[in-house]
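Participant: The structure is given below, and queries will be raised subsequently.
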Amino acid sequence: LLGAAAGHAVGRWRRKKTESAFGDELPSKSADRRLATRQIAFTVAAIALGAKMAKADGIVTRDEVDAFTQVFHVPQDEMQNVGRIFDQARKSSLGYQAYAEQIAGMFKRQPTVLEELLDGLFHIAKADGQVSDEEIEYLQSVATIFGFDAAKFARIRASHLGADKTDPFVVLGVAHDAPNAEIKAAYRKLVRDN
């Protein structure tokens, strides 16, 4: 699914570039080569981000590898190549920033592709049954590089993990858009009770 979305976005980008550059003419072989290079760069960067996500908490479990293959549907004839890239990247969680910056640059005008990739990384993080603080830091850093602000990251995180238990609104038991009077009343009640 992620590969299809990225391929569609790259194809749309290519058509726009081709139309503006060539008018009604057919694209040249160099345009096709640039597209292929762009798709390969995205694929390698996405595999590396997934592998480094799995390594973020220090160990890569079988569940995380299985989750990776669920997110990134790899054709059987490419499994060995993807496996080599994955194994190389999972040796350390360091160095993911360059891959995230590369993808962010490729899709800066298509945030839905970036959000789908972040969703895939959350899927890998949840695969072993727990999401560590290191994994959250990794995901938040990738989200920041992708250009997502704290509110958007909180929304994406909540869609995968539920409400953040350290969110002051959750602690008080009020909605984010609650009026000040309601917030003060909830705070005073908690003070009295505790």
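The values are calculated or read from the model by the stated rules, or taken from the named source; none is laboratory data. The model shown is predicted, which means the values in this text are computed figures rather than measured ones. Every residue, glycine among them, receives a Cβ derived from its backbone with ideal geometry; neighbour counts consider all protein chains shown. Side chains are part of the model used for accessible areas, which takes the heavy atoms of the whole protein and leaves out ligands, DNA and RNA. Shrake-Rupley method; radii C 1.70, N 1.55, O 1.52, S 1.80 Å.
Participant: Which semi-axis lengths, in whole Å and largest first, follow from the square roots of five times the eigenvalues of the Cα gyration tensor of region 75-167?
Facilitator: Semi-axes (√(5λ), whole Å): 23, 17, 13.
Participant: Rounded, prolate or oblate: which fits region 50-112 when a ≥ b ≥ c are the square roots of the eigenvalues of the alpha-carbon gyration tensor, with rounded for a/c under 1.5 and prolate only if a/b beats b/c?
Facilitator: oblate
Participant: Also, I was wondering about something else. Nearest 500 deg cm²/dmol is fine: what mean residue ellipticity at 222 nm does the chain get from its DSSP H runs of n ≥ 4 alone, each adding -39,500 (n - 2.57), divided by its residue count?
Facilitator: -23500 deg cm²/dmol
Participant: Is the shape of region 114-171 rounded, prolate or oblate, going by the alpha carbon gyration tensor and its root eigenvalues a ≥ b ≥ c, with a/c under 1.5 for rounded and a/b larger than b/c for prolate?
Facilitator: Because a/c hits 1.5 or more and a/b fails to exceed b/c, region 114-171 counts as oblate.
Participant: Here is a follow-up. Counting only protein heavy atoms and a 1.4 Å probe, tell me what percentage of the chain's accessible area is made up of carbon and sulfur.
Facilitator: 54
Participant: While we're on this one: Taking the 0 to 90 degree range and rounding to the nearest ten, how far is the long axis of helix 62-71 tilted relative to the main principal axis of the chain, both from C-alpha atoms?
Facilitator: That helix lies at roughly 60 degrees to the long axis.
Participant: Between 0 and 90 degrees, rounded to the nearest ten: what's the tilt of helix 133-145 against the longest Cα principal axis of the chain?
Facilitator: 60
Participant: Rounded, prolate or oblate for the chain? Axes are the square roots of the Cα gyration tensor eigenvalues, ordered a ≥ b ≥ c, and the cut-off for rounded is a/c under 1.5.
Facilitator: Cα axes put the chain in the oblate bin.
Participant: Then there is this: For a Förster distance of 22 Å, can you work out the FRET efficiency between the beta-carbons of ASP164 and ARG188, rounded to the nearest 0.05?
Facilitator: 0.45
Participant: Quick one: angle between helix 79-89 and the longest Cα principal axis of the chain, in degrees between 0 and 90, rounded to 10, please.
Facilitator: On a 0 to 90 degree scale, this one is about 50.
Participant: Of LYS152/LYS189; LYS52/LYS126; LYS108/LYS165, which sit over 22 Å apart, Cα to Cα?
Facilitator: Too far apart for the 22 Å limit: LYS152/LYS189; LYS108/LYS165.
Participant: With every protein chain present, what is the per residue accessible area of region 64-194 (1.4 Å probe, Å²)?
Facilitator: Value returned for region 64-194: 61 Å² of accessible area per residue.
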